[in-house]
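Working notes, structure below.
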Amino acid sequence: MIYSINPSFIAFRLINADYKWSDTQIEQFWEDVLSVINGSRDDHFFGAITVREVSDKEVEIIDGQHRLCTLSVLISVARDVPKGCGDAKRAKMLHAYLADDDPETLNPVPRLRMNSTNNPVYVETIVS
């Protein structure tokens, strides 16, 4: 099954490993991102992501957990730049890829849920 990432549709649940990327992996990813931004590459192949459908609104990530987490870190930085410049509309648009706001509490509900070790840090530093 192929999923289109619609911010109002799918929550991703990570099922196992702690988030651990080496400095080399992070540097390679950042170099790839920069090469796309500066035009020396047209695209970046992020790799395959394997999921298992849990419900019509949730999937478990079997493979690709670390890549999605790293991408969410990048999105959070992209969100925080316009937020810091007073562009709340653009920041809110990017935030929608990270979380929905609970209608009662207005607290963010993350789209990507990490394992029990990493989730509190993820929510505090990336989503909020």
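The values are calculated or read from the model by the stated rules, or taken from the named source; none is laboratory data. All values derive from a computational prediction rather than experimental measurement. Because the Cβ atoms are built from the backbone with ideal geometry, glycine has one as well, and the counts that use them run over all protein chains shown. Ligands, DNA and RNA are stripped out before the accessible areas are found, and what is left, the full protein with its side chains, is counted by its heavy atoms. Shrake-Rupley method; radii C 1.70, N 1.55, O 1.52, S 1.80 Å.
The single residue among K57, K20, K89, K83 that is charged (D, E, K, R), exposed (fewer than 15 other Cβ atoms within 10 Å of the Cβ) and touching a His at 6+ places or on another chain (Cβ under 9 Å) turns out to be K20. Every condition in (1) in contact (Cβ under 8 Å) with a residue 12 or more places away in the chain; (2) of a type outside the set (D, E); (3) more than 27 Å from A17 (Cβ to Cβ); (4) open to solvent by 40 Å² or more (accessible area, probe 1.4 Å) holds for I49 except the one numbered (3).
Return yes when D23 is of a type in the set (D, E) and over 29 Å from V109 (Cβ atoms) and no when it is not. Against the criterion (of a type in the set (D, E) and over 29 Å from V109 (Cβ atoms)), D23 qualifies. The residues of segment 68-84 that are touching a residue at least 24 places away in the same chain (Cβ under 8 Å) and over 12 Å from L112 (Cα atoms), listed by number, are L74, S76. Only one of these conditions is not met by V73: (1) open to solvent by less than 90 Å² (accessible area, probe 1.4 Å); (2) more than 23 Å from Q25 (Cα to Cα). Which number is it? V73 satisfies all of (1) open to solvent by less than 90 Å² (accessible area, probe 1.4 Å); (2) more than 23 Å from Q25 (Cα to Cα) except (2).
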